[in-house]
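The structure under discussion appears below in the form of structure tokens.
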Amino acid sequence: MTDLPSTMRAMSLPAYHPEVADAVRALEIVERPVPEPKNGEVLLRMLAAPCNPSDLMLLQDSYGVTKSLPCVPGWEGAGTIVRSGGGLMARAMLGQTVACGGQGDFDGTWSEYYVAKADSCIPLIKGLDPVQGSTLIVNPVTALAMIDTAKTAGSPALINLAAASQLGRMVIMLAKGDGYPVINVVRRPQQAELLRSLGAEHVLLSTSDDHDAELGALAQKLDARVALDPIGGARTGQVLKAMPKGSRVLVYGALAGEPCGDIDPIGLIFEDKHVTGFWLTSWIETQSLLGLVMKTRALQKHMLAGRIETQVQAKVGFDGFVDALLGYLDDMTAGKVILDPSA
Ligand SMILES: NC(=O)c1ccc[n+]([C@@H]2O[C@H](COP(=O)([O-])OP(=O)(O)OC[C@H]3O[C@@H](n4cnc5c(N)ncnc54)[C@H](OP(=O)(O)O)[C@@H]3O)[C@@H](O)[C@H]2O)c1
């Protein structure tokens, strides 16, 4: 068994705060005992862990899962398995570098060591940078799953809102590889340029005067009957209204921080329009273990080849983490903040 320290550093949230910047400033560096994995679990020495919007939602207590306080946030990351809690799979994985994640009332990945269920760990393929690997689960898998959902719904194209997000860019790249048309919507001209530089064909600016008409015309032309909406608020109803009959807005984020609105009941009643939600955790439960292994392997190959990539604006240790997160709040499009516990 590897010699391990008895204590470790972790980022701790002492209290929830509705204002996200207050929540980030409240984070504290704490010293804690290194946790012991139980049967079927493994202990990881963490190499990298990102902050995603879902982590910010946890800090605000606006996510669908709540942790008892104080808690260690962080829904995903990558690390090396240094101890097994017992069980065939956990023992077999000793020494492997894996992507990990999990949602529930237990300590998260913003830590030097993290306990994960062995069967939820995804071995990283040879050559893949652990920083990219630390972002494998939340965004790439969601992008893939939502494209599959749109195709299964029979929609010949999809609408990608807030398309300059890391996930939005992955939707563009994965759909491009399949020749699947995507209408991308962003709110800033710089984001439109960024997406065009990635080869995106259809890019619309939500702040332009004729945006709704432009979106409606293109959605009708391409018969885009699924929209991926991470914003909520009035955008949900505005986009649904612009879409053809039989369309569906898939709400998967709450970036506006407001309830979905402006939904025209006439569209719901007479045009067979729908608003539904998407949550990766629920989608994963519908998948077989083998299917997930194959899908995450394919995504890793895309990452290794640079076809999809998580942009990183800062990779920092515990001391610089809060300042870097405040920078991320000012410019989310610039990329993720990655916690590197060894820095
Ligand atoms: N449901 C699920 O299972 C699931 C899984 C994964 C991700 N998600 C969601 O996917 C979304 C994107 O995640 P990510 O990690 O890719 O984000 P990210 O890289 O941090 O980027 C967020 C993007 O959203 C834009 N944005 C923020 N607030 C906005 C608003 N009110 N209106 C329009 N655009 C806005 C930002 O643009 P600016 O730079 O202009 O602010 C930025 O481009 C998040 O909402 C996240 O919660 C959901």
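Throughout, read-outs are computed from the coordinates displayed, never taken from laboratory work. Quick caveat, the model's predicted, so the values are computed rather than measured. All Cβ positions, glycine included, derive from the backbone under ideal geometry; neighbour counts span all protein chains shown.
Let's see how each residue does on (1) more than 19 Å from Thr135 (Cα to Cα); (2) away from the ligand (no atom under 13 Å from the Cβ); (3) out of contact with any helix residue (DSSP H, G or I) (no Cβ under 9 Å at 6 or more places or on another chain):
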site: Pro33; (1), (2), (3): yes, yes, yes
site: Glu36; (1), (2), (3): yes, yes, yes
site: Glu41; (1), (2), (3): yes, yes, no
site: Asn52; (1), (2), (3): no, no, no
site: Gln60; (1), (2), (3): yes, no, no
site: Gly64; (1), (2), (3): yes, no, no
site: Cys71; (1), (2), (3): yes, yes, no
site: Glu76; (1), (2), (3): no, no, no
site: Ala92; (1), (2), (3): yes, yes, no
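Given the criteria part of a loop (DSSP other than H, G, I, E, B), out of contact with any Pro (no Cβ under 6 Å at 6 or more places or on another chain) and within 28 Å of Arg188 (Cα to Cα), does Gly306 qualify?
Yes: the conditions hold for Gly306.
Do we have Leu325 as of a type outside the set (Val, Ile, Thr), within 13 Å of the ligand (Cβ to nearest atom) and outside any helix (DSSP H, G or I) here?
no
Quick check on my filter: what residues within segment 239-254 are touching a strand residue (DSSP E or B) at 6+ places or on another chain (Cβ under 9 Å), of a type in the set (A, V, I, L, M) and within 15 Å of the ligand (Cβ to nearest atom)?
Of everything in segment 239-254, those that are touching a strand residue (DSSP E or B) at 6+ places or on another chain (Cβ under 9 Å), of a type in the set (A, V, I, L, M) and within 15 Å of the ligand (Cβ to nearest atom) turn out to be Val239, Val249, Leu250, Val251.
Quick check on segment 287-299. Is at least one of its residues away from the ligand (no atom under 13 Å from the Cβ), on the phi > 0 side of the Ramachandran plot and assigned to a loop (DSSP other than H, G, I, E, B)?
No, the conditions are met nowhere in segment 287-299.
Are any residues in segment 192-231 of a type in the set (A, V, I, L, M, F, W, C), away from the ligand (no atom under 15 Å from the Cβ) and closer than 23 Å to Thr152 by Cβ, and if so, which ones?
Correct list: Leu218, Ala219, Leu222, Ala224.
When you scan segment 16-131 for helices (runs of 4 or more DSSP H) that lie fully inside it, which ones turn up with 2 or more residues that are farther than 28 Å from Leu167 by Cβ, touching a residue at least 12 places away in the same chain (Cβ under 8 Å) and not polar (S, T, N, Q)?
So the answer is 88-92.
Suppose we filter Leu13, Leu94 for residues that are among the aliphatic types (A, V, I, L, M), crowded, with 23+ Cβ neighbours inside 10 Å and in contact with a Lys or Arg (Cβ under 9 Å, 6 or more places away or on another chain); which single one remains?
The conditions single out Leu13.
I'm checking my understanding of the structure. Among residues of segment 135-188 that are hydroxyl-bearing (Ser, Thr, Tyr) and more than 13 Å from the ligand (Cβ to nearest atom), which one is farthest from Met46 (Cα to Cα)?
As a first pass, look at segment 135-188 and keep what is hydroxyl-bearing (Ser, Thr, Tyr): 135, 142, 149, 152, 155, 165, 180.
Within this subset, residues satisfying the condition of being more than 13 Å from the ligand (Cβ to nearest atom) are 152, 155, 180.
Values: Thr152: 37, Ser155: 40, Tyr180: 37 Å.
Applying the filter and picking the extreme gives Ser155.
Can you name the residue in segment 120-163 that is farther than 24 Å from Gly95 by Cα and β-branched (Val, Ile, Thr) and, of all such residues, is surrounded by the most Cβ atoms within 10 Å (Cβ to Cβ)? Steps first, answer last, please.
At the first step, the residues of segment 120-163 found to be farther than 24 Å from Gly95 by Cα are 139-163.
Going one step further and asking which of them are β-branched (Val, Ile, Thr), we end up with 141-142, 147, 149, 152, 159.
Working: Val141: 23, Thr142: 22, Ile147: 21, Thr149: 19, Thr152: 9, Ile159: 29.
Within segment 120-163, the match that is surrounded by the most Cβ atoms within 10 Å (Cβ to Cβ) is Ile159.
Restricting to segment 131-150, name every residue that is in contact with a Gly (Cβ under 8 Å, 6 or more places away or on another chain) and closer than 23 Å to Val322 by Cβ.
Passing the criteria: Ser134, Val138.
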